[in-house]
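Below: one structure, written as structure tokens.
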Amino acid sequence: MKKLLFIPCCCAAMLLMAHEGNGAPCPTPSDNPRDTVVVPEGYKGEDSISYIENATVKSPISAKDLLGLAEVHSMEQQLFLYNNFELLADDLEHADRYIATHGDSVAMRLANRFMRMYHVVDLNGDAKDKLQWAIAVNTAIDNFRKEEPSVPSDSVLDEMTRVIDGFSSQTQYELNFQCYVEATKGYYLTIEAYRNWLNAVPDNLRALAQEEYEAWHDFNEARFAFWHEVSYTQEWYSMKPMEIEGYYENLALNRRAELEIERDIVLKGKAYQQKGKTVTTKQWEAWIKEKSVPEDIEFLNDLDKDRIPSDSLVAERVGTLKSTFSRWLKARQAFAAALPEGRGESYDRLTADIHCRIIGKLKDIIPYGEW
């Protein structure tokens with residue numbers, strides 16, 4: 001999901017402000033690799049944090065590395081303002097809405113760790129590292145519940161975004177960021193679903209399942225990069241970033257639904273009946289060609305010409321899209337071939353429907369707007 005970052009490393013600035021010296025105690029130097037990094041002169045605030053994270057964490061990344069880095073970031077600077085609302089001289093009329101509870105503080109700190117760990121692993125990691133990110137998020141959720149045990153485990157991330165939404169003033173920047181958080185939540189749930197699947201699949205299929213996961217990850221990255229950088233670079237109105245995030249969240253939701261079907265096929269022998277027609281090479285090529293033309297291009301004026309993606313960028317993104325999809329298809333075919341005959345056929349039929357959904361020839365399992 002590398003190209004999901006509409007807001008760069010400073011995206012945390014809306015609510016997830018880092019303020020050293022406050023909040024939870026910092027880990028000891030032996031536990032926290034960030035303490036070994038010397039930040040060059042001139043790097044301050046968010047830039048210094050980014051420098052430390054990117055200098056320290058490289059693939060292969062462990063959950064411990066991610067947790068050690070994220071632990072030092074707190075929300076106290078923002079909470080200080082919420083709890084001392086008399087300092088908000090320009091908004092005393094609504095000062096009561098800024099009062100933060102202990103639960104708000106814990107939820108905001110979790111949000112900070114959740115998003116910052118994702119940012120680090122997204123910039124510096126691969127598919128295997130995303131599995132470690134999911135483990136790190138699970139640990140962060142467990143730590144949250146030690147302080148807020150009344151919140152059920154499956155509601156912690158919803159509580160996190162509820163608090164963020166509650167303190168948002170609903171500016172365009174904040175709305176974009178809230179959608180980014182929601183999309184990242186959906187992505188985490190999908191990576192976690194894959195992690196659980198890799199643990200549940202029979203031993204003789206685990207290596208093939210791992211290959212399918214890694215191939216899906218790379219294709220998913222390529223599909224979003226292609227879509228975001230080639231097809232939807234023109235933000236003609238304020239809702240465009242939110243639409244992109246919502247679309248990506250729905251992609252993750254539907255992949256989880258597909259994984260549930262795959263689990264039933266492989267583990268329970270449940271038959272799957274194909275719902276759409278098998279996509280031909282010609283249809284696949286036509287879909288890519290259509291998406292390679294930026295939408296609303298006829299409305300571009302001379303000042304907007306730089307928004308048109310270059311031919312070289314389009315060619316590069318198309319090539320990556322094709323190669324990663326081919327790898328994913330081969331990984332799924334290899335997995336199906338290793339299954340008993342009836343189950344393998346059902347798995348192949350599901351693969352055909354997934355391909356059909358990708359190019360819009362079959363409705364999503366969970367239609368956008370109905371989740």
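The values are calculated or read from the model by the stated rules, or taken from the named source; none is laboratory data. None of these values were measured; they are calculated from a predicted model. In this analysis, Cβ positions are derived from the backbone assuming ideal geometry, glycine residues included, and neighbour counts consider all displayed protein chains. Surface areas here come from the heavy atoms of the whole protein model, side chains and all, with no ligands, DNA or RNA. Shrake-Rupley method; radii C 1.70, N 1.55, O 1.52, S 1.80 Å.
Given points 7 Å out from each Cα along the Cα-Cβ axis, report the E285 to V37 separation in nanometres with one decimal.
4.6 nm
Compute the length gained on full extension between A315 and D154: take 0.36 nm times their separation in residues and subtract their Cα-Cα distance, giving the result in nm to one decimal.
On the way: separation 161, 0.36 × 161 = 57.96 nm, distance 4.22 nm.
Answer, rounded to one decimal: 53.7 nm.
Please label the shape of region 90-192 as rounded, prolate or oblate, based on the square roots a ≥ b ≥ c of the eigenvalues of the alpha-carbon gyration tensor (a/c under 1.5 means rounded; beyond that, a/b larger than b/c means prolate, else oblate). Don't jump to the answer; show the numbers that get you there.
On the way: a/c = 2.56, a/b = 1.50, b/c = 1.70.
The shape class here is oblate.
For the ranges 109-120, 187-198, 166-177, what's the packing order if you count other beta-carbon atoms within 10 Å of each residue, average per peptide, and put the highest first? Walk me through the numbers before you get to the answer.
Working: 109-120: 24.7, 187-198: 20.0, 166-177: 14.9.
Taking the mean over residues of other Cβ atoms within 10 Å, the ranking is 109-120, 187-198, 166-177.
How far apart, in nm, are two points set 7 Å out from the Cα along the Cα-to-Cβ line at M239 and at A334?
Between M239 and A334, the simple spin-label model gives 4.4 nm.
Assuming 0.36 nm per residue, please report the length gained on full extension of the stretch E260 to D203 beyond their Cα-Cα distance.
Working: separation 57, 0.36 × 57 = 20.52 nm, distance 1.87 nm.
Separation in residues times 0.36 nm, less the Cα-Cα distance, equals 18.6 nm.
Report the full-extension gain for the segment D364 to N196: residue separation times 0.36 nm, less the Cα-Cα distance, to one decimal in nm. List each step's numbers first, then the result.
Details: separation 168, 0.36 × 168 = 60.48 nm, distance 2.29 nm.
Fully extending the segment from D364 to N196 adds 58.2 nm.
If I ignore ligands, DNA and RNA and count only protein heavy atoms, how much of K58 is accessible to a 1.4 Å probe, in Å² to the nearest 10?
Counting only protein heavy atoms, the figure is 110 Å².
Using 30 Å as the Cα-Cα cut-off, could you pick out the over-long pairs in K330/K363; K58/K291; K268/K291; K128/K277; K128/K289?
Over 30 Å apart, Cα to Cα: K58/K291; K268/K291; K128/K277; K128/K289.
In nm, give the distance between the simple-model label positions of K275 and I99, each being 7 Å from the Cα along the Cα-to-Cβ direction.
Label at K275, label at I99, 4.9 nm between them.
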